[in-house]
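What follows is one structure encoded as structure tokens, with my remarks underneath.
The values are calculated or read from the model by the stated rules, or taken from the named source; none is laboratory data. It should be emphasised that the depicted structure is a prediction, and the values quoted were computed from it without experimental measurement. Cβ: placed from backbone, ideal geometry, glycine included. Neighbour counts: every protein chain shown. Heavy atoms of the whole protein, side chains included, go into the accessibility calculation; ligands, DNA and RNA do not. Shrake-Rupley method; radii C 1.70, N 1.55, O 1.52, S 1.80 Å.
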Amino acid sequence: MAQTPLFQPSSVCAILPGDCLRRHDPAGQFAGTWRGAFAETGGASSDLRSAGKTDSLGYSTLGVHFLPDAIPFEDPEIVPKISFGWQHALNAFTPGQTIAFVATAQPFQVRGVPLSTDAVVGQLGFDMALLGQERFSLGYDGLISDHEKDHAVRANFEWAL
């Protein structure tokens, strides 16, 4: 049985030329961390120890992915890519670790910054087919929320034999 897409490309592309809009399915991501147990040695009064710990957090993203027609640029073609959406954490999460001084065995908590439950995410970039089987990609990834801002520039070069 064929599925009907959430967004019909023909209805949106009357405004945006070409077969430009693709549905961006709600995607699930999983983030997990594991910190191993450790025990320091060397200075009895300042040695630390900790048990290992595993944390996990699930995310869901709902958004739109634009794939405009390729832009001819002399010989190579440039294919722009634009995505934006809303990312939602499935539960609240604050990273932390219980640590203790070896001499006193009194534990204390070391906590990180709480991760945001809602954020705006986006990607902007392009792919360029070079001579033969080579491809070059350049892009920007961003996440903005009330607690954090994460920006990255990525570059990729692929070469097939």
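Taking a sphere under 14 Å around the Cβ of residue 158 and counting the other residues whose Cβ falls inside, with K and R at +1 and D and E at -1, yields a net charge of 0. Normalising the average separation of contacting C-alpha pairs (under 8 angstrom, six or more residues apart) by the number of residues puts the relative contact order of segment 85-131 at 45 percent. Sequentially through segment 100-115, phi angles give Karplus couplings (6.51, -1.76, 1.60; θ = phi - 60°) of 9, 6, 4, 5, 9, 6, 7, x, 9, 9, 10, 10, x, 6, x, 7 Hz, Gly and Pro residues having no value and appearing as x.
With all protein chains kept in place, the per residue accessible area of segment 58-161 amounts to 66 square angstrom at a probe of 1.4 angstrom. Estimated from the Cβ-Cβ distance and a Förster radius of 30 angstrom, the FRET efficiency linking residue 48 and residue 145 is about 0.40.
If R0 is 35 Å, what FRET efficiency do you get for residue 118 and residue 70 from their C-beta distance, rounded to 0.05?
Numbers: r = 34 Å, r/R0 = 0.98.
With a Förster radius of 35 Å, E is 0.55.
Taking 13 Å as the cut-off, the amide N atoms of segment 44-78 that come nearer than this to a point 7 Å along the Cα-to-beta-carbon line of residue 90 belong to 56-61.
For residue 143, what is the net charge nearby, where nearby means another residue's Cβ is under 13 Å from its Cβ and Lys, Arg count +1, Asp, Glu -1? Result for the local shell: -4. So, with a 1.4 angstrom probe, what is the percent of accessible area on segment 100-158 that is carbon and sulfur? Solvent-exposed carbon and sulfur of segment 100-158 make up 61 percent of the total. Separation between the residue 37 and residue 156 pseudo-spin-labels, each 7 Å from Cα along Cα→Cβ, expressed in nm? Going from the residue 37 label point to the residue 156 one covers 4.0 nm.
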